[in-house]
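Asks: Below you'll find the structure I mean.
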Amino acid sequence: MLRKIDNNIWIAEQPLRYFGLSVGTRMTVIRFNNGELAVISPIQVDNETTEQLNQLGNVKYIIAPNLFHYLFLSNFKTLYPQAEVYAVSELKVKRPEISIDQALEDNDENLLGELEFFLFEGFKTFLPSGALPLNEYVFFHAESQTLILTDTAFYFDESFPMSTKLVSKIMGGYKKLRPSLLEQLATQEKLLVKQSVQKVMRWDFKRVIVAHGSIVEHDAKKQFKEGYEWFLGESF
């Protein structure tokens, strides 16, 4: 079911296991002033959540923010056939069977002037097959002062199982907003990452919603900065 976070922003969550660890996953819903809804990182929704969405407004945008958060995209499009699917352009190559209406582009910069976004460059993600480009777009909802991330940072706390807490302590994401140690080792284009972080820091956010972990409600901007200083090995 949907949970309201602030003015015109909601989240919904579902269980997810990654390499045997319980990490959960989360979608974010933004309502624009015209009543249209943008859904970022759609999950598998139940009837109750669908009814809530219908009561909130008209689902207009379904967004796959990177190359990995697309698993429920087609199912969500089936529920809302009138909605436009936005995704990173590389997803057309990775999964050509997925119907994409619009590629996210840097020169767009925002949806309806209410949801800003840009490509977080230089960051890679570590998988068993090696380090792969993440191609993730990050989002900023100015009305609620919320930064919306997917896989560029994590925040695990005491609400997660012991195994997840243990691994996040080792990898660097326990009660700290930061990428993992594996991502730090995989990412080589640190200058591009630094430039992306500097762009994020220009946004006036007080909260960070991540796809995996808990929402960061306190000192979010400070934690984001410190997490990437750790990641980059330098202050900025």
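The values are calculated or read from the model by the stated rules, or taken from the named source; none is laboratory data. Since the model is a prediction, treat every value here as computed from it, not as a measurement. All Cβ positions, glycine included, derive from the backbone under ideal geometry; neighbour counts span all protein chains shown.
Asks: Please go through the range 181-206 and give me each residue that is in a helix (DSSP H, G or I) and touching a helix residue (DSSP H, G or I) at 6+ places or on another chain (Cβ under 8 Å), ordered by number.
Replies: 181, 182, 183, 184, 190, 193, 194, 197, 200, 201
Asks: For residues that are in a loop (DSSP other than H, G, I, E, B) and aliphatic (A, V, I, L, M), tally how many sit in the range 5-43.
Replies: Of the residues in the range 5-43, 3 are in a loop (DSSP other than H, G, I, E, B) and aliphatic (A, V, I, L, M).
Asks: Give the range 108-131 a look and list any residue that's at pLDDT below 90, crowded, with 18+ Cβ neighbours inside 10 Å and either closer than 22 Å to residue 60 by Cα or in contact with a Gly (Cβ under 6 Å, 6 or more places away or on another chain) (or both), or say none.
Replies: Hit for the range 108-131 is 111, nothing else.
Asks: Looking only at the range 194-236, count every residue that is free of Cβ contacts under 8 Å to residues at least 12 places away in the same chain and within 15 Å of residue 147 (Cα to Cα) and tell me the total.
Replies: Final tally of qualifying residues: 5.
Asks: Please determine, by comparing only the residues of the range 162-180 that are among the small types (Gly, Ala, Ser) and touching a helix residue (DSSP H, G or I) at 6+ places or on another chain (Cβ under 9 Å), which one is surrounded by the fewest Cβ atoms within 10 Å (Cβ to Cβ).
Replies: Step by step, filter the range 162-180, then rank; the result is 172.
Asks: If a residue must be under 22 Å from residue 133 (Cα atoms), at pLDDT 95 or above and either surrounded by fewer than 19 Cβ atoms within 10 Å (Cβ to Cβ) or not aliphatic (A, V, I, L, M) (or both), how many such residues does the range 202-224 contain?
Replies: Going through the range 202-224 one residue at a time, the tally reaches 1.
Asks: If a residue must be of a type in the set (D, E, K, R), loosely packed, with under 15 Cβ neighbours inside 10 Å, touching a residue at least 24 places away in the same chain (Cβ under 8 Å) and not in a loop (DSSP other than H, G, I, E, B), how many such residues does the range 44-80 contain?
Replies: 1
Asks: Moving on to the next point. Given the criteria within 25 Å of residue 7 (Cα to Cα), part of a strand (DSSP E or B) and touching a Phe, Trp or Tyr at 6+ places or on another chain (Cβ under 7 Å), does residue 85 qualify?
Replies: On the way: within 25 Å of residue 7 (Cα to Cα): yes; part of a strand (DSSP E or B): yes; touching a Phe, Trp or Tyr at 6+ places or on another chain (Cβ under 7 Å): no.
When the stated conditions are applied, residue 85 does not pass them.
Asks: Same structure, new question: Going through the range 128-153 one residue at a time, which ones are closer than 18 Å to residue 231 by Cβ and free of Cβ contacts under 8 Å to residues at least 60 places away in the same chain?
Replies: 131, 152, listed by residue number.
Asks: Quick check on the range 27-43. Is at least one of its residues basic (Lys, Arg) and out of contact with any Leu (no Cβ under 6 Å at 6 or more places or on another chain)?
Replies: No; the residues of the range 27-43 include none that is basic (Lys, Arg) and out of contact with any Leu (no Cβ under 6 Å at 6 or more places or on another chain).
Asks: I'd like the full set of residues that are within 16 Å of the chain's Cα centre (by Cα) and assigned to a loop (DSSP other than H, G, I, E, B), limited to the range 207-236.
Replies: Answer for the range 207-236, where residues must be within 16 Å of the chain's Cα centre (by Cα) and assigned to a loop (DSSP other than H, G, I, E, B): 210, 211, 212, 214, 215, 217.
Asks: Sort out which residues of the range 112-144 are charged (D, E, K, R) and within 17 Å of residue 209 (Cβ to Cβ), and write them in order of number.
Replies: Once the filter is applied, which keeps residues that are charged (D, E, K, R) and within 17 Å of residue 209 (Cβ to Cβ), the range 112-144 yields 114, 116, 136, 143.
Asks: May I pose another question? Check 29, 23 and return the single one that is under 19 Å from the mean Cα position of the chain (by Cα) and touching a residue at least 60 places away in the same chain (Cβ under 8 Å).
Replies: None of the others qualify; the one that does is 23.
Asks: Can we say residue 105 is surrounded by 14 or more Cβ atoms within 10 Å (Cβ to Cβ), touching a helix residue (DSSP H, G or I) at 6+ places or on another chain (Cβ under 7 Å) and either at pLDDT 90 or above or within 22 Å of residue 73 (Cβ to Cβ) (or both)?
Replies: no
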